[in-house]
Each structure stands twice: as C-alpha cells, then as structure tokens.
1. Within segment 112-151, how many residues are within 19 Å of Q249 (Cα to Cα), among the hydroxyl-bearing types (S, T, Y) and within 18 Å of the chain's Cα centre (by Cα)?
2. E133 - would you say it is in contact (Cβ under 8 Å) with a residue 12 or more places away in the chain and either surrounded by fewer than 21 Cβ atoms within 10 Å (Cβ to Cβ) or not hydroxyl-bearing (S, T, Y) (or both)?
3. Please determine, by comparing only the residues of segment 14-27 that are closer than 22 Å to Y97 by Cα and surrounded by fewer than 19 Cβ atoms within 10 Å (Cβ to Cβ), which one is nearest to the chain's Cα centre (by Cα).
4. Anything in segment 107-135 that is among the aliphatic types (A, V, I, L, M) and over 20 Å from P56 (Cβ atoms)? List them, or say none.
5. Can you tell me which residues in segment 196-225 are surrounded by fewer than 22 Cβ atoms within 10 Å (Cβ to Cβ) and not in a loop (DSSP other than H, G, I, E, B)?
6. Name the single residue that is nearest to the chain's Cα centre (by Cα) among those in segment 159-195 being crowded, with 19+ Cβ neighbours inside 10 Å and without any contact (Cβ under 8 Å) to a residue 60 or more places away in the chain.
7. Mind listing just one residue for me: the one in segment 155-202 that is in contact with a His (Cβ under 7 Å, 6 or more places away or on another chain) and modelled with pLDDT under 95 and, of those, farthest from M34 (Cα to Cα)?
Amino acid sequence: MEATVSGVPVHYAEYGGGTPVLALHGVGVDHREMAGALEPIFRTVQGFRRLYPDLPGMGRTPAPETITSNDDVLDLLLGLIDSIIGDEPFLVMGHSYGGYLARAIASRSPERVIGLALICPVGAHTRNVPKHEVLVSSADLAGELGPELEASYRGYFVVQTPETLSRFQEFVAPAASLVDESSLARIFSHWELRDCPEAAKTYPHPVLILAGRRDATAGHTGPWELTKHYPRATFAVLDRAGHALFHEQPGLTQALIVEWLARVREHATT
C-alpha cells in the first residue's frame, strides 16, 4: 500500500484490524524484517491492525533531497500517522533506528500513543557496546550467500544457525539492494533529533524494552537508562542474542511482546 505524505510516496504493508500498531524497522532493511518477526506473534493475539512502513531511503519509500535529517523523517512519519491512523489511539514499536523514531513519536503524542515497544533501540549517542562475538556457529554458508551478504549476516548475527540463516535470507537480504546509501548518508549526517525524546515529562503507558546481551550496535546499558523515563517499563536483557535479537530469541521475544500487549489493553481500560 502507499500513502503520499508531503509529496513523498510512503510504502507500507498492512495486516489485520483493530487498534493500530505502527512498527518501524532499522537501517539497511525494509518493512519485511519487522513484519517477519512480528506477524507470527500477532497471529496469536487478535484485535490489532499492524502497519509496517518502509522508512525513507529503504524499501520502496524514496528519500528525496527535501529529507535532510532525522527530524525530517520524523515529520514524514507524523504525517503518515495522520493519514492512515488519524485520531485513533495507537501503539508504536521500533527496532534499532526504528526505536529512536518510535521514542520520538511517543514523546510527541503521549495521549495517543498508548503503548511503546523498543527492541535493541539506538539513540542520539551509543556507548559501552561489546565487541561483536559469535556465540553459536553451526550454519554452513557454502553457496548460500554472496560475499557482501555473507559479511552482513556474519556481522549482524551472534547466533549463526540454519534457522537464523533462513530468517536472514527471507526477511533481511532481499532489502539490501533497495537501500539508497547516499540518501541515508545525507539524512544521518543530521542524526540527532532536535528534541530529545526523553526531554518531556515521563511517559505513562506500558513499555517494553528488549536488549541483547551481545548487541555490538546498541549495547544494553543505554537501553537500560531509558527506564528512568518509562515508569511502566519491562526491561529484559537476553543472553544468546545480539542486535538480531528477535531472530535469535523468537520464543522469548514472543512471550514478552504478548505480555506487553496485555498490559496495554489492561491500562487502556482503566
């Protein structure tokens, strides 16, 4: 599906019906990674309308020269929300870079965003990240991936098994050729958002923050510090997981997201 926001055609996938859930992917992929990780979970929980946009410069959403910063990306997303969600209460989920944007959306509209889930979120600055260390290596990559994709897989996953390789091939690799690297370089040269997402008053709704113990991109100390702003947050650091946490620990991810969805529903009715 597609919605035009400020002249930019924003591509998104939509599934189900009910309370809207906006799910934002990370850098170098497109909506398929989030949908691939989350749809098996939402098939067990009814009553949610899932919206998966391609962020500018990735997937099928272009990044024209008018988009020069993450503030511009945020404005585009706020326009998309107005276009396809309107005034309804909704939830926001984000992985990595998508988590940074999700925090900003929740901060802008805490009365409308009734739940926030952050998976391996990055922020304005990242520190205290561990070195990339492969914990499990049982995947035979012979003939499976070209050199660039193999390097991407090995640098992303700390659990390298036939199962995670299959998920990489299905949900991550197809987006690689669609990344507009020059546009992302332009946008990320103005990475820090004008307004810090946690500068406003504390966010009152249920939150879930998941971090990988071996996450060499986001770490786990930075995500932990976010809990000061989110008094209704569940925070979990998962061993045997890095930045690809929801591929490497799908069972735990599912259990924690299902519990978060239940808390959101409970809180919305009180």
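1. Qualifying residue count for the region: 0.
2. Spelling it out, E133 is indeed in contact (Cβ under 8 Å) with a residue 12 or more places away in the chain and either surrounded by fewer than 21 Cβ atoms within 10 Å (Cβ to Cβ) or not hydroxyl-bearing (S, T, Y) (or both).
3. So in segment 14-27, the residues closer than 22 Å to Y97 by Cα come out as 14, 20-27.
Checking which are surrounded by fewer than 19 Cβ atoms within 10 Å (Cβ to Cβ) leaves us with 14, 27.
Details: E14: 16, V27: 9 Å.
Per the stated criteria, the residue is V27.
4. Pass one, segment 107-135, residues among the aliphatic types (A, V, I, L, M): 113-114, 116-119, 122, 124, 129, 134-135.
Passing the criteria: V113, I114, L116, A117, L118, I119, V129, V134, L135.
5. If the condition is that a residue be surrounded by fewer than 22 Cβ atoms within 10 Å (Cβ to Cβ) and not in a loop (DSSP other than H, G, I, E, B), then T221, G222, W224, E225 are the ones that fit.
6. That would be A173.
7. T202
Residues are listed down the side, and each one gets a yes or a no for (1) among the aliphatic types (A, V, I, L, M); (2) part of a helix (DSSP H, G or I); (3) over 20 Å from H95 (Cβ atoms):
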site	(1), (2), (3)
E144	no, no, yes
E150	no, yes, yes
T164	no, yes, no
F168	no, yes, no
A176	yes, yes, no
R186	no, yes, yes
E192	no, no, no
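The values are calculated or read from the model by the stated rules, or taken from the named source; none is laboratory data. Computed from a predicted model, the values in this text were never measured in an experiment. Here Cβ is always computed from backbone atoms with ideal geometry, including for glycine, and neighbour counts include all displayed protein chains.
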